[in-house]
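Inspection log for the structure reproduced underneath, given as structure tokens.
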Amino acid sequence: MARFSDALSRAPAHMIAARLGGWAVVAATALLAACSYVYTVEALFIDGKLSFVSEDVNETGSPYCLISFKVSDAAGSAVWEFDAYDLYKNVSKCGPNFPLRYGQAPKGAVTVTPAKPLKAGELYTIEGNAGNALQGSFRYQVKRITTVENLDMKLPEVKAAQQRGWDRQRSDR
């Protein structure tokens, strides 16, 4: 089995340079990828609509413009995706990037995958780009919320209900 150093000693100089140059490109790419920052994106409901927010990327200028965004199901299929690269490639100001409503791409962005209905209990992932990588995940939940409304005791309907209660107590004696 030939060793790498033996192969280098027999190879012409131009082949060695090409091989080392290729490795230099791979190493540089890996180094740059390691330096990239990842912004966290969270899902929440704003005014009853599924929305996405990020406290990390509040800048509104280049290179922090929101240029791509995708929500995928657990199988990796896009359930909503848009591309806004052409909107911001020659600008110095953009945004604000968030909040972003599910299914509403920024004006002028290209919708790659129209928003599909989300399924209760399913896991979804978020990815995108706004100068650096955007990532997040959420489980879509459908829950019935029970609320109460406290009423003013002076309202006529409240007074009437209260009086009926007292009348019933007297009649039951």
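The values are calculated or read from the model by the stated rules, or taken from the named source; none is laboratory data. Note that the coordinates shown come from a computational prediction; the quantities given were computed from them, not determined experimentally. Please note that ligands, DNA and RNA were not included when accessible areas were found on the heavy atoms of the full protein model with its side chains. Shrake-Rupley method; radii C 1.70, N 1.55, O 1.52, S 1.80 Å.
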(request) Quick one: pull the percent of accessible area on the range 76-135 belonging to carbon and sulfur, 1.4 Å probe, ligands and nucleic acids left out. (result) 48 percent
(message) With θ taken as phi - 60° and the coefficients 6.51, -1.76 and 1.60, list the Karplus ³J(HN,Hα) couplings across the range 68-83 in order, rounded to whole Hz; mark glycine and proline as x.
(response) 7, 7, 9, 10, 10, 7, 5, 7, x, 7, 5, 10, 6, 7, 9, 10
(message) Before I look further, what does the range 69-141 give for accessible area per residue, probe 1.4 Å, in whole square angstrom?
(response) 57 Å²
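Stretched out fully, how many nm does the piece from Ala75 to Met153 gain, at 0.36 nm a residue minus the Cα gap? Could you put the intermediate results ahead of the total?
Details: separation 78, 0.36 × 78 = 28.08 nm, distance 5.41 nm.
22.7 nm is the gain from fully extending Ala75 to Met153.
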(request) Filter the cross-link list Lys49/Lys154; Lys70/Lys107; Lys93/Lys116; Lys89/Lys116 down to pairs whose alpha-carbon distance in this structure exceeds 25 Å. (result) Lys49/Lys154; Lys93/Lys116; Lys89/Lys116
